[in-house]
Amino acid sequence: MKLTSYWLDTSTPFAGAAAGPVEGAFDVAVIGGGLTGASAALALAKKGARVVLLEADTIGGAASGRNGGMCNNGFAQDYGTLSGKLGREVADRLYRAFDAGVDTVERLVREEGIDCSFARVGKIKLAAKPEHYDKLARSQELLAATVDPDTEMVRLADLPGEIGSARYYGGLVYRKSAALHVGRFVRGLAEAAARRGVAVHERTPMTSLKAAPGGGHLVGTPRGTVRAKQVLLASGTSQAGPLGWVRRRIVPVGAFLIATEPLPVETLDRLTPRRRNSVDTKNLVNYFRTTPDNRLLFGGRARFAVSNPASDEKSGEILRAALHDVFPELTDIRIDYCWGGMVDMTRDRLPRAGERDGIYYSMGYSGHGTQMSTLMGTIMAEVMDGRAELNPWGSFAWPAIPGHFGPPWFLPLVGAYYRLKDRFQ
């Protein structure tokens, strides 16, 4: 079993890194080489900007290359609950932004010729308890009436047409959702940006950020300093660099995944006949999908802990047990990959993007980053060009989380709380 991301292991490493030292003057410095940074750098370069992209590790090496490869529309939260908090008009506007995110991924795959197995397979949200089905049905009624008629409920009697498991009690299908090989996608975006002149530097963490004499910003790295008129932080949960303001507002939560050996097509036809992205309604969520080479990828919040090799392996055993609970016939199947990554979770599980003290930022995607990070990269290129009204998250305040100063000391407490909720709700 490899303790590495399946997506990164089965995609070609980025080969467009800039030669020479990190130096020079640019219109924009993008900090972070994940989906937000790569899509923003590409969009800015298309607009004629001189762009440098600084990545602390490797392109896609953090959350963008360590997720489930799901490109889902819809909220992580219950639509009915969220629209009650935000108001129907705001909730619908944000919901459409997630739709636009899936469309943006599809457009970029087509325009840039990125071979990443993009397919509109749809998503099914599976009711983990009978009462969860009723809540899903109420949300679907609201969705169909206002913002997403491409949804439908699947009753328990009809569930075998969606999933070969007796573990669930029905589900809600979102037809617009898609799946893709996210490793090939993020690296393909960075290659496209490099072809358009973006200076991409891997293993180049930002170590300092300060105002430059006469205007703009000086961005320091171990390999040199660049001057930029504008800076975009696309750094997520990065622990490198002077990002204290961000770290007090994001909780880095471990997400863990396993991938089986390649399975016979007839097995997958029984277990997931429509090849949907699947996610359940538990707080300690499980999700699964098939991969382009017919593996079953199975992930979730196995443990509220940070990701490291020891933690990933412990989480992999929990996920293996969960996989066998959902699909008992896979009990003897080999697990080929086990890995983890850090999700940049905000307090309300909604993204944040905007500008503070002349520095732009977009992050906090809270487990729905593939589509939203790609959308926001392209949107932030417009925001930095003077079109702030295009930012769907521009009016959202982002206060610090009380008692949180970076290291997530409270994660075990949060995990215990959600385990209790799953037991009694």
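A few remarks follow.
- Wholly within segment 241-290, strands (runs of 3 or more DSSP E) carrying at least 1 residues that are touching a His at 6+ places or on another chain (Cβ under 9 Å): 251-260, 277-280
- Just one residue in the set E313, E329 is assigned to a helix (DSSP H, G or I), modelled with pLDDT of 95 or more and either within 26 Å of M1 (Cα to Cα) or not β-branched (V, I, T) (or both); that residue is E329.
- Cβ-Cβ under 7 Å pairs, at least 6 apart or on other chains, segment 190-203 side under 18 Å from F26 (Cα atoms), far side β-branched (V, I, T) and surrounded by fewer than 24 Cβ atoms within 10 Å (Cβ to Cβ): H201/V22; E202/T58
- Residue in segment 316-326 that is nearest to the chain's Cα centre (by Cα), counting only those that are under 13 Å from M1 (Cα atoms) and buried (at least 16 other Cβ atoms within 10 Å of the Cβ): G316
- Residues in segment 376-405 that are in a helix (DSSP H, G or I) and either under 20 Å from V231 (Cβ atoms) or touching a strand residue (DSSP E or B) at 6+ places or on another chain (Cβ under 7 Å) (or both): 10 in all.
- Checked against (1) under 22 Å from V343 (Cβ atoms); (2) surrounded by fewer than 21 Cβ atoms within 10 Å (Cβ to Cβ); (3) acidic (D, E), D293 passes all but a single condition, namely (1).
- Those strands (runs of 3 or more DSSP E) of segment 162-237 in which 1 or more residues are at pLDDT 95 or above and under 26 Å from H368 (Cβ atoms) occupy 171-174, 199-201, 224-233.
- Selection within segment 2-52: residues that are touching a Ser or Thr at 6+ places or on another chain (Cβ under 9 Å) and part of a strand (DSSP E or B). The member of this set that is farthest from E112 (Cα to Cα) is I31.
- Matching entry among E202, E162 (being under 24 Å from R274 (Cβ atoms) and of a type in the set (D, E)): E162
- Close Cβ contacts (under 7 Å, 6 or more residues apart or on different chains) running from residues in segment 372-400 that are more than 17 Å from V105 (Cα to Cα) to residues that are hydroxyl-bearing (S, T, Y) comprise V383/Y360; M384/Y360.
- Taking the criterion of being closer than 14 Å to L53 by Cα and touching a helix residue (DSSP H, G or I) at 6+ places or on another chain (Cβ under 7 Å), the residues of segment 176-222 that qualify are V186, L189, A190, A192, A193, R196, G197, V198, V200.
The values are calculated or read from the model by the stated rules, or taken from the named source; none is laboratory data. All figures in this text were calculated on a predicted structure; none of them were measured in a lab. With ideal geometry, Cβ positions are generated from the backbone for all residues, glycine too; neighbour counts draw on all protein chains shown.
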